[in-house]
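Take a look at the structure set out below.
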Amino acid sequence: MSDAARHRWAFAVGSILIGIAGFAILLAVHNNRSVQYAALFLVTMGTYSAMPITICWFNQNLGGHHRRSVGSAWQIGFGNIGGIIAVFAFLPGDSPKYVKGYAICIAFIILAIIACMVYGFACWTANKTRDKMTNSLDLTEDQKMELGDMSPDYRYLL
């Protein structure tokens with residue numbers, strides 16, 4: 001759907017909000033297995049939907065194959081740090097409520113929303129700035145392609 005709309009921000013934030021709802025339920029409800037199980041579905045829907053959207057959004061806004069390859073490597077590499085953090089977030093001593101682990105998850109997912117908002121605002125601002133610029137540079141199409149997302153004609157996907 002975000003491809004058809006050519007818009008990523010709302011889909012990413014919407015998915016993340018679903019994930020937050022699931023984690024909040026897991027943090028608050030400890031005595032109803034059915035509700036906890038439903039909350040796991042919300043967590044899965046929210047987090048597993050947001051991840052590919054944010055990865056595609058970032059990579060589509062990197063012009064040129066060199067920038068895109070380095071940017072995606074950094075993004076995936078940094079994202080894999082979550083596995084290291086999870087080992088120390090869900091400790092056996094916190095069982096069965098895992099309040100600390102769920103709180104850490106909520107904190108990081110809120111950080112993801114903040115990052116999406118900052119990135120979306122930065123893309124929107126850059127597009128508005130480029131719209132106001134006069135195209136006084138006489139660049140060939142090859143030069144514009146070489147500049148990638150630094151080209152004055154390039155517009156970031158929101």
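Take every Cα pair under 8 Å in the chain that's 6+ residues apart, average their separations, divide by the length, and report that relative contact order as a whole percent. Averaging sequence separation for qualifying contacts and normalising by length gives 30 percent for the chain.
Using C-alpha pairs under 8 Å with a sequence gap of at least 6, the mean separation divided by the residue count of region 1-74 gives a relative contact order of 32 percent.
The dipole here belongs to region 68-158: it is taken about the Cα centre, uses +1 on the Cβ of Lys and Arg and -1 on the Cβ of Asp and Glu, and is about 500 debye. Ligands, DNA and RNA left out, the accessible area of region 112-158 computed with a 1.4 Å probe is 64% carbon and sulfur. Solvent-accessible surface of the chain, taken per residue with a 1.4 Å probe and all protein chains present: 65 Å². A Gaussian network model of the chain, with springs between Cα atoms under 10 Å, assigns the largest mean-square fluctuation among R67, R130, R33 to R33. Positive contributions from Lys and Arg (+1) and negative ones from Asp and Glu (-1), summed over other residues with Cβ under 10 Å from the Cβ of L139, come out at -4.
For K144, the aspartates and glutamates whose Cα comes closer than 14 Å to its Cα, not counting residues fewer than 8 places off in the same chain, are D153.
Note the per residue figure in Å³ for the convex hull of the C-alpha positions in region 1-65. Could the numbers behind the result be given before it?
Values: hull volume 4.8 nm³, N = 65.
Here the figure is 75 Å³ per residue.
Relative contact order of region 17-60: 44 percent, from C-alpha pairs under 8 Å at least 6 residues apart in sequence. Among the DSSP helices (H) of the chain, those spanning at least 30 angstrom by Cα along their long axis with an average Kyte-Doolittle hydropathy of -0.5 or more are 33-60, 99-132; this is a geometric and hydropathy rule only. Each listed q (0.26 Å⁻¹) maps to a log10 I(q)/I(0) for region 46-101, found by the Debye formula over equal Cα scatterers with no solvent: -1.00. R155 exposes around 90 Å² of accessible area when a 1.4 Å probe is run over every protein chain in place.
Wrap a convex hull around the Cα atoms of the chain, take a quarter of its surface area, and give that in square nanometres. Mind dumping the intermediate values first?
Numbers: hull surface 42.8 nm².
Result: 10.7 nm².
Largest GNM mean-square fluctuation among S34, S69, S49, using the chain with Cα springs under 10 Å: S34.
The values are calculated or read from the model by the stated rules, or taken from the named source; none is laboratory data. Just so it is clear, the model here is predicted, and its values are computed rather than measured. Using ideal geometry, Cβ is built from the backbone for each residue, glycine included, and neighbour counts are taken over all protein chains shown. In case anyone asks, the SASA skips ligands and DNA or RNA and just uses the protein heavy atoms, side chains included. Shrake-Rupley method; radii C 1.70, N 1.55, O 1.52, S 1.80 Å.
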